[in-house]
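Engineer: Just dropping this structure here.
The values are calculated or read from the model by the stated rules, or taken from the named source; none is laboratory data. What you see is a predicted model; the values in this text were computed from it and never measured. When we count neighbours, we look across all protein chains shown, and the Cβ atoms used for this are built from the backbone with ideal geometry, even at glycine. Calculation scope for accessible area: heavy atoms of the full protein, side chains included, ligands and nucleic acids excluded. Shrake-Rupley method; radii C 1.70, N 1.55, O 1.52, S 1.80 Å.
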Amino acid sequence: MFLWFCVLSIVGTALIFRSPFLDYRLVVLGSLLPAVETTLGFKWLLHTLIFGVAVLVMVMLLGKGRRKIQRKFLPVPIGLLSHLVLDATWTEKEIFWWPFTGREILGNRVSRLEFSLPVVVTLELLAIIIALWAWRKFDFRNSSNRSAFIKYGHLYSLRIN
């Protein structure tokens, strides 16, 4: 579900935060990090709420008094947390709420919400449709907007709307 995480993490974050200067490429990076665990056949630390919150706290503390550092790295925990929503990890209390639901579950192969092939294909097609909508919404027809996104991860079109 590569496109599902990439497209929806960008669009969701852009529509919620409406920040033209956020690095949306780092949002995508954060949203794809937990997918590495999933491809290995399990959900582990990267799928816990505490990990996403810990990364957020770390970014805020390490960047205390240095707003540029906070602004640069804040998209990573945003992406991590968006993955938990998009992957429906929040429905798996043993993983999502770890360690509050018991520490022994972490590190074991766990039964997880399986997405069947038709569901995965449907979500990827839906992501393509949303990407086409976002192409127009964020005015990627304009070469300067495309260039700003590729070089800096910015969505300048959010300034206009």
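Engineer: Rounded to whole Hz and in sequence order, give me ³J(HN,Hα) for the stretch 123-132 from the Karplus expression 6.51 cos²θ - 1.76 cosθ + 1.60, θ = phi - 60°, writing x for Gly and Pro.
Structural biologist: For the stretch 123-132, the Karplus curve yields 5, 5, 5, 4, 5, 5, 4, 5, 5, 5 Hz.
Engineer: Can you list the lysines whose alpha carbon is less than 24 Å from that of Lys93, not counting same-chain residues fewer than 8 positions off?
Structural biologist: By straight Cα distance, Lys93 reaches Lys43.
Engineer: Report the full-extension gain for the segment Arg141 to Ala88: residue separation times 0.36 nm, less the Cα-Cα distance, to one decimal in nm.
Structural biologist: Numbers: separation 53, 0.36 × 53 = 19.08 nm, distance 3.28 nm.
Full-extension gain reported as 15.8 nm.
Engineer: Could I ask something else about it? In terms of modelled amide H atoms, which long-range or inter-chain residues lie less than 5 Å from the amide H of Trp98?
Structural biologist: Answer set, sorted by chain and number: Leu49.
Engineer: Right, here's the next one. Only Lys, Arg, Asp and Glu count, each charged at its Cβ (+1, +1, -1, -1), so figure out the dipole size of the stretch 118-161 about its Cα centre, rounded to 20 debye. Spell out each step's value before the answer.
Structural biologist: Numbers: 6 positive and 2 negative charges, 48 e Å.
Roughly 240 debye for the stretch 118-161.
Engineer: For Val120 paired with Tyr152, estimate the spin-label separation in nm (one decimal), with each label point 7 Å from Cα along the Cα-to-Cβ line.
Structural biologist: Roughly 3.8 nm, to one decimal.
Engineer: For the chain, with all protein chains present and a 1.4 Å probe, just round the carbon and sulfur fraction of the accessible area to a whole percent.
Structural biologist: Numbers: 6600 of 9430 Å².
About 70 percent, which is the carbon plus sulfur part of the accessible surface.
Engineer: Check the straight Cα-Cα distances from Lys137 and name the lysines below 29 Å, setting aside those fewer than 8 residues away within the same chain.
Structural biologist: Correct list for Lys137: Lys68, Lys72, Lys151.
Engineer: For Lys43, what residues show an amide H to amide H distance below 5 Å, using hydrogens built from the backbone and excluding near sequence neighbours?
Structural biologist: Val110
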